[in-house]
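Asks: Can you read through this structure? Questions will come right after.
Only the coordinates and a few stated rules stand behind these numbers; no lab work does. The structure presented is a predicted model; accordingly, all values stated were derived computationally and were not measured. Neighbour counts run over all protein chains shown; Cβ positions are idealised from the backbone, glycine included.
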Amino acid sequence: MAGNLFSKAKATAATKTTKAKDEKVRVTVKDGDFFSKVQMLEMLQDNMKRDKAKADMLADEIKDTSKSEWVKLYEKTGKNPGSIMIEAKSGEDVAQTMFVPSDKYISINAERAESLTEKFGAEIVEEKTTFSFDNDMIEKYGEVISRMIEESNEIDEDDKGKIIKAVAAFSIAKGTIDKMKTYGPVSEIMEEVKPVVALKNVEIIKG
């Protein structure tokens, strides 16, 4: 394959090198507070991990409650309510957060895409196909493919279909969140396509 476009591209490709693992140099510091600082930092980082786990759990619970209210509003009005404020009162104080649904969805595979298409129709799924060269075919026909720029036709018929590989990726179609009511009960569609949702401005407003 010397001299063709593929060999030239390969020659200019960056070569990855693996560095040998260096043994860490240990230095003892004389700062009297260093030990206590490290100890405190370790404790704070452990607390942050614990607090994050608790925060994530509470966020999921609040999202579930907010999603239920959002679905009720969607069903009532027949259209996407967009971002909504969710609140609860305790005396004069108000706990509130903004529930923000988006037109982004969980990833799906071909099997899931087929299931959704059968259930709700072709419009609910988008398919994007990317093409790539098969490395074995490039090795076999690198010279020929390079010369094809000059209109060469030296590839065996049996191998033409093997040179380019197609990879299909599926996703929930953009705009689905605005058309949920047309597919059926909004609560069901929410569970099927799972749009990405977020909470903003979680706060207590003192009365």
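Asks: Assuming R0 = 30 Å, can you tell me the calculated FRET efficiency for the pair Asp93 and Glu61, based on Cβ-Cβ distance, to the nearest 0.05?
Replies: Rounded to the nearest 0.05, the efficiency is 0.95.
Asks: Kindly identify the chain as rounded, prolate or oblate by the Cα gyration tensor criterion: order the square roots of the eigenvalues as a ≥ b ≥ c, call it rounded if a/c is under 1.5, otherwise compare a/b with b/c, prolate if a/b is larger, else oblate.
Replies: Cα axes put the chain in the oblate bin.
Asks: Would you mind ranking Glu23, Glu111 so that the residue whose beta carbon has the fewest other beta carbons within 10 Å leads the list?
Replies: If I rank by nearby Cβ atoms, fewest first, I get Glu23, Glu111.
Asks: Mean separation of Cα pairs under 8 Å and 6+ residues apart, divided by the residue count of the chain: what relative contact order is that in percent?
Replies: 31
Asks: Give the order of Ile172, Ile155 when sorted by the count of other beta carbons within 10 angstrom, beginning with the fewest.
Replies: Lowest to highest Cβ neighbour count: Ile155, Ile172.
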